[in-house]
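Beneath this line is the structure, given in structure tokens, with notes to follow.
The values are calculated or read from the model by the stated rules, or taken from the named source; none is laboratory data. The structure displayed is predicted, hence computed values, not measured ones. FYI the Cβ positions are ideal-geometry reconstructions off the backbone, even for glycines, and counts take in every protein chain you see. Surface areas here come from the heavy atoms of the whole protein model, side chains and all, with no ligands, DNA or RNA. Shrake-Rupley method; radii C 1.70, N 1.55, O 1.52, S 1.80 Å.
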Amino acid sequence: LVVPSGRSLPAVFDRATGRLLHKREFGFRSTAGGVVGSVQALLADGQIYSAGPHHLLAMEQKTGDVGFGWIAGRQMSVSGEAAYVATGDVVARLNRLEYATNSRRRHQLELDLTSFNNQVRAATADPAKAVEIRKKISEAQAELKRIADVGVVWQTKTTDDSALLAAGDLLFLGGQGRVTAYSVKTGESLWQSIVEGEARGLVVANGHLMVSTRPGH
């Protein structure tokens, strides 16, 4: 039983006995990669994807260990080999295993950059060393830029990020006052419907999409 826990990471219990199995804590600027925890979590690949304000942190389902991936996005939906994410800037389709593998390299480069920047500040009395560290910073920044889109199949610009659901050949995205349907193959917007309030819940059943909004409609 996985219980999302607001501003901390999910608590995981043995469903048969109620015994707490794990509720992990990770470093803000290291293993967690930033602020983590919310009221949402998703299970896939033997991982718990815990949503946060900036990304989803993958935690091993049985132990809570991290390292599988750091997924950019505030919402995620999984279907087959694909993961779909909404970041607040784009909605995107990912090859989730390829993206997760690449995210481990990106995460390490980001940690390296933090370390290099600290080293530069500490090397004010050694100009030659500072030049060497700045070269490492430039190389890490260049690699981050080069690998930024590895595992991304397509992405479409949108600020909507309230709810996300993949169903068949459609991807539904909720936002403020609207719901949009995209093609899962191309990312093309196929139709859009106006709703009253922010679309926070999406469910597909019997050939219909049902939407719940923040005002309660």
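Below are the figures for this structure:
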read-out	value
Residues being open to solvent by 30 Å² or more (accessible area, probe 1.4 Å) and either in contact (Cβ under 8 Å) with a residue 60 or more places away in the chain or not in a helix (DSSP H, G or I) (or both) - total across the range 96-153	11
Unmet criterion (only one of (1) more than 23 Å from residue 192 (Cβ to Cβ); (2) not in a helix (DSSP H, G or I)) for residue 77	(1)
The range 181-217 - residue that is part of a strand (DSSP E or B), touching a residue at least 24 places away in the same chain (Cβ under 8 Å) and hydroxyl-bearing (Ser, Thr, Tyr) and, of those, nearest to residue 75 (Cα to Cα)	182
Odd one out for residue 64 among (1) at positive phi; (2) buried (at least 20 other Cβ atoms within 10 Å of the Cβ)	(2)
Pairs where the first residue, in the range 9-26, is open to solvent by 100 Å² or more (accessible area, probe 1.4 Å) and the second is outside any loop (DSSP other than H, G, I, E, B), C-beta under 9 Å, 6+ apart	19/13; 25/8; 25/9
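Condition check ((1) acidic (Asp, Glu); (2) touching a Ser or Thr at 6+ places or on another chain (Cβ under 6 Å); (3) at pLDDT below 95) across all residues:
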site: 119; (1), (2), (3): no, no, yes
site: 122; (1), (2), (3): no, no, yes
site: 136; (1), (2), (3): no, no, yes
site: 140; (1), (2), (3): no, no, yes
site: 150; (1), (2), (3): no, no, no
site: 153; (1), (2), (3): no, no, no
site: 166; (1), (2), (3): no, yes, no
site: 184; (1), (2), (3): no, no, no
site: 188; (1), (2), (3): yes, no, no
